[in-house]
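The structure appears below as structure tokens.
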Amino acid sequence: MSHRIAVIPGDGIGKEVMPEGLRALEAAAKRFGIDLSLEHFDFASCDYYAEHGQMLPDDWFEQLKGADAIFYGAVGWPETVPDHISLWGSLLQFRRRFDQYVNLRPCKLLPGVKSPLADRKPGDIDFYVVRENTEGEYSSVGGKMFEGTDREVVIQETVMTRTGVDRVLKYAYELAQSRPRKKLTSATKSNGIAITMPWWDERVKAMGVHYPEVSVDQFHIDILTANFVMHPDWFDVVVASNLFGDILSDLGPACTGTIGVAPSANINPDGHFPSLFEPVHGSAPDIAGKGIANPIGQVWSAAMMLEHLGHPKAGQAIVDAFEAVLAEGDKAVLTPDVGGHGTTEALGRAIAERIAG
Ligand code: ATP
Ligand code: MG
């Protein structure tokens, strides 16, 4: 069976790291005998916007819905298109229409990469953040009263549904269950936000009944962010609402050094729609065109995609390959953000050669 992959490079360094992501993907597919059919799309980019006045064609949903996964680069070119238009007109449409209700980010300190946290070594930081991606604090329920007067009142509601919360908790429990430590941490703020957050805690307990092997702890978001910095080794799988997950899924990768290596997945676990895999970083206009972007965020996203498609060994082979190249520390191969003077392509090729074995 062939997997249909929609390939969308997007903007800026997205176009530079994508070829290296594909190089790794194809090397792993070849080695493990996986049949991939790649379809390339130029939309969801600011170049497309310049030509068409919109980020996506009207029939984008029809064009993409049959894909098994979407492999994305980065979106945004603020010089020509404001970020809210480029982002809302592309990625956020995908997330919403394809019901990608899990945002998954590994936070792992890699060999040869320096953590901003003192004395941390690979192995000390190795956890996942699971963010609820469709509801919660990011609702548009609310409004303004007495606008522009001294009596102005502004309200924005948090909306949580049992279906929405239970499905992301189930995903997080399953992930924790599949890992050696089997540990789940839930982030809330039940002492201050007295309706939604205690209810989230209850749903965590209720779901836990089905996963007796998973040990669970719960932290308030304020002390949890402190512990990400002080004790990152405590965590295995961390699950949080949309807002808290947003914060944690930036903080976690930041603790592991360069943003250039961090991957992410927007997942529709039911498999009704394609999931989307992309590096955490943006289009990085400051280094775009220079050929020095680190391709590992894109390469690692390819590994997550293969795992999602049912090929965990192929995914692991990609991770092993870039860890080995990083550990080797050849400065002619590594990009500047990880201490070398190499290029995007040199690092991408070195990784692909390793994968090929
Ligand atoms: P977003 O638009 O997604 O919110 P952003 O525009 O705030 O992101 P990025 O585009 O990710 O930020 O860039 C942030 C900083 O990180 C920049 O200085 C950029 O050069 C650097 N950076 C981002 N990605 C990489 C990479 N792959 N390799 C090296 N440096 C990178
Ligand atoms: Mg940006």
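The values are calculated or read from the model by the stated rules, or taken from the named source; none is laboratory data. For clarity, every value in this text was computed on a predicted model and none was experimentally measured. Because the Cβ atoms are built from the backbone with ideal geometry, glycine has one as well, and the counts that use them run over all protein chains shown.
Results for (1) within 16 Å of ligand 2 (Cβ to nearest atom); (2) surrounded by fewer than 21 Cβ atoms within 10 Å (Cβ to Cβ); (3) of a type outside the set (F, W, Y); (4) without any contact (Cβ under 8 Å) to a residue 40 or more places away in the chain, shown as yes or no for each residue.
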site: F244; (1), (2), (3), (4): no, no, no, no
site: I247; (1), (2), (3), (4): no, yes, yes, yes
site: G257; (1), (2), (3), (4): no, no, yes, no
site: S264; (1), (2), (3), (4): yes, no, yes, no
site: P274; (1), (2), (3), (4): no, no, yes, no
site: E278; (1), (2), (3), (4): yes, no, yes, no
site: I287; (1), (2), (3), (4): yes, yes, yes, no
site: G291; (1), (2), (3), (4): no, yes, yes, no
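Within the stretch 86-107, the set of residues being surrounded by fewer than 15 Cβ atoms within 10 Å (Cβ to Cβ) and either in contact (Cβ under 8 Å) with a residue 60 or more places away in the chain or part of a loop (DSSP other than H, G, I, E, B) (or both) comprises R97 only.
Test Y49 against the criterion of being within 19 Å of G12 (Cβ to Cβ) and either surrounded by 23 or more Cβ atoms within 10 Å (Cβ to Cβ) or β-branched (V, I, T) (or both), and give yes or no. Can you show your working first?
Working: within 19 Å of G12 (Cβ to Cβ): yes; either surrounded by 23 or more Cβ atoms within 10 Å (Cβ to Cβ) or β-branched (V, I, T) (or both): no.
When the stated conditions are applied, Y49 does not pass them.
Screening A27 with (1) over 23 Å from L56 (Cα atoms); (2) within 16 Å of ligand 1 (Cβ to nearest atom); (3) of a type in the set (A, V, I, L, M) gives one miss only, at (2).
Go through P279, P263 for me and flag whichever is assigned by TED's automatic domain parsing to the domain that holds G14, more than 22 Å from G136 (Cβ to Cβ) and in contact with a helix residue (DSSP H, G or I) (Cβ under 7 Å, 6 or more places away or on another chain).
Working: P263 fails: assigned by TED's automatic domain parsing to the domain that holds G14.
Testing whether each residue is assigned by TED's automatic domain parsing to the domain that holds G14, more than 22 Å from G136 (Cβ to Cβ) and in contact with a helix residue (DSSP H, G or I) (Cβ under 7 Å, 6 or more places away or on another chain) leaves just P279.
With a requirement of 2 or more residues that are more than 22 Å from the chain's Cα centre (by Cα), the strands (runs of 3 or more DSSP E) lying completely within the stretch 137-190 that satisfy it span 142-145, 153-156.
For the stretch 244-292, the candidate set comprises residues that are part of a helix (DSSP H, G or I) and in contact with a strand residue (DSSP E or B) (Cβ under 6 Å, 6 or more places away or on another chain); within that set, the residue that is farthest from ligand 1 (Cβ to nearest atom) is F244.
Taking the stretch 20-41 as the region of interest, how many residues are surrounded by fewer than 16 Cβ atoms within 10 Å (Cβ to Cβ) and touching a residue at least 24 places away in the same chain (Cβ under 8 Å)? Reasoning before the result, please.
In the first step, residues of the stretch 20-41 are kept if they are surrounded by fewer than 16 Cβ atoms within 10 Å (Cβ to Cβ); the result is 30-33, 35, 37-40.
Keeping just the survivors that are touching a residue at least 24 places away in the same chain (Cβ under 8 Å) gives 30-32, 35, 37-40.
Result for the stretch 20-41: 8.
Residues that are surrounded by fewer than 20 Cβ atoms within 10 Å (Cβ to Cβ), within 19 Å of F32 (Cα to Cα) and among the aliphatic types (A, V, I, L, M) do occur in the stretch 299-312.
Within the stretch 15-50, which residues are in a loop (DSSP other than H, G, I, E, B) and of a type in the set (F, W, Y)?
The initial filter retains those residues of the stretch 15-50 that are in a loop (DSSP other than H, G, I, E, B), namely 33-35, 41-45.
Listed by number, the residues that qualify are F41, F43.
Among the residues of the stretch 63-85, just one is surrounded by 23 or more Cβ atoms within 10 Å (Cβ to Cβ), of a type in the set (V, I, T) and away from ligand 1 (no atom under 13 Å from the Cβ), namely I70.
Just to be sure I understand, how many residues within the stretch 2-14 are outside any loop (DSSP other than H, G, I, E, B) and under 18 Å from the mean Cα position of the chain (by Cα)?
Residues of the stretch 2-14 outside any loop (DSSP other than H, G, I, E, B): 3-10, 14.
Among the residues that remain, those that are also under 18 Å from the mean Cα position of the chain (by Cα) are: 5-10, 14.
Number satisfying all stated conditions: 7.
Scanning the stretch 203-224 for residues that are part of a helix (DSSP H, G or I) and closer than 26 Å to T161 by Cβ gives R203, V204, K205, A206, M207, G208, I221, D222, L224.
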